[in-house]
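Okay, structure first, notes after.
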Amino acid sequence: MSNNVEEKLFQNRYLLDKENTHIRIKNLDLCRTSCSQPCTFSCPAACYEKTEDGNIELMTDGCLECGTCRIICPNNNLEWSYPRGGFGISFKFG
Amino acid sequence: MTEKFDAIVVGAGPAGSAAAYVMAKAGLSVLQLERGEYPGSKNVQGAILYSDALERIIPEFRDEAPLERNIIEQRVWMLTDKSHVGFDFRSEEFNNDKPDRYSIIRAQFDRWFCNKVKQAGAMVICETLVKALIENEHGRVIGVTTDRDDGDVFADIVILADGVNSNLARVSGYRNELENKNTALVVKEMHFLRSDIIQNRFNINEKEGVAIEVVGTLTRGKIGMGFIYTNLEFISIGIGCMVGDFQKGGLTPYGLLDELKEHPSVKPLLISSEMKEYSAHLIPEGGYNAIPKIYGDGWMVVGDSAGLVNSIHREGSNMAMTSGQFAAETVIALKKEFKSFSEHNLARYKIALDNSYVIKDLKKYKRMPNFLHKNRHFFTLYPELISEAIATILRVDGIDKKSKGKQIIRSFRKGRGLFGLIADSIKFVRAIR
C-alpha cells in the first residue's frame, strides 16, 4: 500500500467486521493470467496490491465503499456487496 | 415477524429522507432503513447544498438545519501546471435572508434531515443493510430482506434511495451495471483551519463562503474536475475523473489529489491545515442517456441510484430531493385514489420528473458526456493556449501589442488549426444548446 494513502486512511473511522469480508475475488487465477489489474491503481484506498508472484492481494480494511473496483474489473471477477449493517467506513464529516 | 408498512425507503441520504419525510408527513406508515452507523455516515458530497429543492419540502429549514457557509462567490479556475486563469463571480445579492446555496457537512446534515423524518412519524432503523428485494409470484416488489434476524419486512411500495451503486435495482435485474466511461470517481480531503484564517485566505466575512471549481491539464487529458469549498472550520478539496480513465492507468486517484494540493495556486490556501478525513465516492455522470428504468411493479428509484446528476452544473443532491419528493407524492396520490402501485400507475412519477427541471436540464445537456469523451483537448490544450495568451499580453518585453496579438492567433492556429477551432466552437455550442 502506497504510504500517502495509508496516512490518509489513518484519519478515517472504521468499524471493522472481523467475521466477514464484503468483497471477494471469485477466481484468483484469472487476476494473474489474463488481467491488466486496474484495481491495483484505481482503488482510492489502495485495497488491491500486486504481490511479487503476480497475484492480487485484497485487504478490505481501508475500503471506502465507493464501488470503483466492481465497475473496472475487466473479468467481472468480484463478488461485491456492502459490509454488514453498522460496519465499514463511518464518515465523521462525509 | 410480518410487519407491514405503507412504504419502505432504503437509504437515508437526501433522496431517501425527502421521500420518507413527505410520505410520513402525509400520514403514511413509513419505514426507512439505513446501513450506516447513523444517517450520513456512508454519504459523501462536496458538499454544496442548493436551497430550492429542500425549501419546497421543509420551508423553514434555514432555522434548523446545520448549514455552514453561505456561498457568495464562485470561482472557476483553468489550471496549467504553473498557472491558473480564473473567472470569479461574487455578489452582495447572495447575502440576503434566503441564500440559495450553502456549504454543509453531510454527516451532520443527513442526520438532521433524518431526524425530521422521525419527527414526521416514520420509523427509522440504522445499521441495517437491505440485501434484496422480495417479489411475489407476479414479480411485484412486496418488501425487503435485511441482514437482521427475521429481517424480512413488507410494504405496498419500496423506494430505492440506496445511492450511486444502486445495488438493489442492479441485483434485481432492473438496471445494468454503471458504465465506467460515464461514472466519475471523486476523492476528497477535509483540511481543518481556524475559521478566521479561512475567512482571510478567501477574502470573506464570517458565515460567507467560496466555491472554486477547477479544470485543466492537471487531469492529464482525463475527463475530470477538481473543487475547493469552504466550510466553517475546514476546506474541502477534491478531484474526480471518469472511472474508465483511471482504469487505463497512469495516475492514481490519491496521486491526482496530492498533485492538486501541490499546485502553486492551491497550496497557499491549505498551509498549516490539518487533514482529518479522506473519502471517495462515485458520481453517475452519464446524464439523460444513462438514466435507467426508474419504476416498476411495487418499486421506484430516486436520486443517485436513478442517475439524476447534472455534472455540468454540479447539481445532484437537489435532484435527489426533488425526485424523492415526486416519488412520495406519487405514492400519496395513488393511496388517496385507492389505486395499486403497479408499474402502469407509477408512471406518474416519471411524468412528474419529465416535467420538472430535473429531466429538462438533463435533456439539455444530453450530448455533453459524449462531447467530452471526443474532445479531450478541452482539458489540456485550451488551458495551455489561453494561459499562454494571457501571459503574452501581460508580459512587458518591448514587443508591440499588435505583434503579440498575431503571435497569440498563431499559437491557437498552430495548436488546434483554424478548422479545429471553428469545429470546437460549433460542437461546444451544440452540446450545451
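No lab work stands behind these numbers, since they all come straight from the coordinates. Here the structure is a predicted model, which is why all the values come from computation and not from measurement. All Cβ positions, glycine included, derive from the backbone under ideal geometry; neighbour counts span all protein chains shown.
Tabulated results
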read-out	value
Partner lysines for B:Lys427 [C-alpha distance under 27 Å; skip if fewer than 8 residues away on the same chain]	B:Lys181, B:Lys222, B:Lys248, B:Lys360, B:Lys363, B:Lys364, B:Lys366, B:Lys374, B:Lys406, B:Lys414
Share antiparallel - DSSP beta bridges, chain B, percent rounded to 5	70 percent
Å³ per residue enclosed by the Cα convex hull of the range B:1-66	107 Å³
Residue of B:Ala391, B:Ala328, B:Ala352 that the Gaussian network model of chain B assigns the largest fluctuation, springs spanning Cα pairs under 10 Å	B:Ala391
Placed amide H near B:Lys207: partners under 5 Å, 5+ positions off or other chain	none
For B:Ala132, residues with placed amide H under 5 Å, excluding near neighbours	B:Thr145
Inter-label distance, nm, simple model (7 Å from Cα along the C-beta direction), B:Ile422/B:Asn176	3.7 nm
Value in Å of the Kirkwood radius, where the range B:324-388 supplies the Cα pairs that are averaged	15.0 Å
222 nm mean residue ellipticity, helices alone, for chain A (DSSP H n ≥ 4; -39,500 (n - 2.57); rounded to 500)	-5500 deg cm²/dmol
Given 12 as the ceiling on other Cβ atoms within 10 Å, longest exposed-site-free region of chain B for GluC sites (Glu not before Pro) in DSSP loops	B:207-336
Computed over the range B:183-284, Kirkwood Rh from alpha-carbon pairs, angstrom	14.0 Å
Percent antiparallel among DSSP beta bridges (both partners in the protein assembly as shown, rounded to 5)	70 percent
Fluctuation leader among B:Pro59, B:Pro284, B:Pro292 - chain B, Gaussian network, Cα springs under 10 angstrom	B:Pro59
Helix B:377-394 vs. chain B, principal-axis angle (Cα, 0 to 90°, nearest 10)	40 degrees
Rh (Kirkwood; distinct C-alpha pairs) - the protein assembly as shown, Å	24.2 Å
Relative contact order %, the range A:20-86, counting alpha carbon pairs below 8 Å whose residues are six or more apart	46 percent
Acute angle (nearest 10 degrees) that the helix B:418-432 long axis makes with the longest principal axis of chain B, alpha-carbon atoms	20 degrees
Semi-axis lengths (Å, descending) of the ellipsoid that matches the C-alpha gyration tensor of the range B:43-145	38, 21, 13
MRE, 222 nm, helices only [DSSP H, n ≥ 4, -39500 (n - 2.57), over chain B, to nearest 500]	-11000 deg cm²/dmol
FRET efficiency estimate (nearest 0.05) - Cβ-Cβ, B:Glu92 to B:Glu64, R0 30 angstrom	0.70
Pairwise centroid distance, computed over Cα atoms, of the range B:248-314 with the range B:58-133, Å	15 Å
Highest-fluctuation residue, B:Ala12, B:Ala290, B:Ala333 considered, GNM on chain B with Cα pairs under 10 Å	B:Ala333
Convex hull projection area averaged over all views, the range B:369-432, Cα basis, nm²	4.7 nm²
FRET efficiency, B:Lys404 to B:Ser340 (Cβ-Cβ, R0 51 Å, nearest 0.05)	0.10
Gain in span if fully extended, B:Asp150 to B:Ser272, counting 0.36 nm per residue against the direct Cα distance	38.8 nm
Bins of 5 Å, starting at 0 and running to the largest distance - Cα pair percent for the range B:98-202	2, 8, 12, 16, 15, 15, 12, 9, 5, 4, 2, 1, 0
Approximate spin-label separation A:Trp80-B:His377, in nm, with each point projected 7 Å along Cα-to-Cβ	3.4 nm
Angle in degrees between helix B:14-25 and the longest Cα principal axis of chain B, rounded to the nearest 10	40 degrees
Calculated P(r) tail over 17 Å for the range A:25-83, as whole % of Cα pairs	28 percent
Alpha-carbon Rg/Rh ratio, for the range B:277-355, with Rh computed the Kirkwood way	1.04
Where N is the number of residues in chain B, Cα Rg divided by 2.2 N^0.38 Å	1.06
3J(HN,Hα) from dihedral phi, the range A:24-34, Karplus parametrisation 6.51/-1.76/1.60, rounded to Hz, x for glycine, proline	9, 7, 5, 9, 4, 4, 4, 5, 6, 8, 9
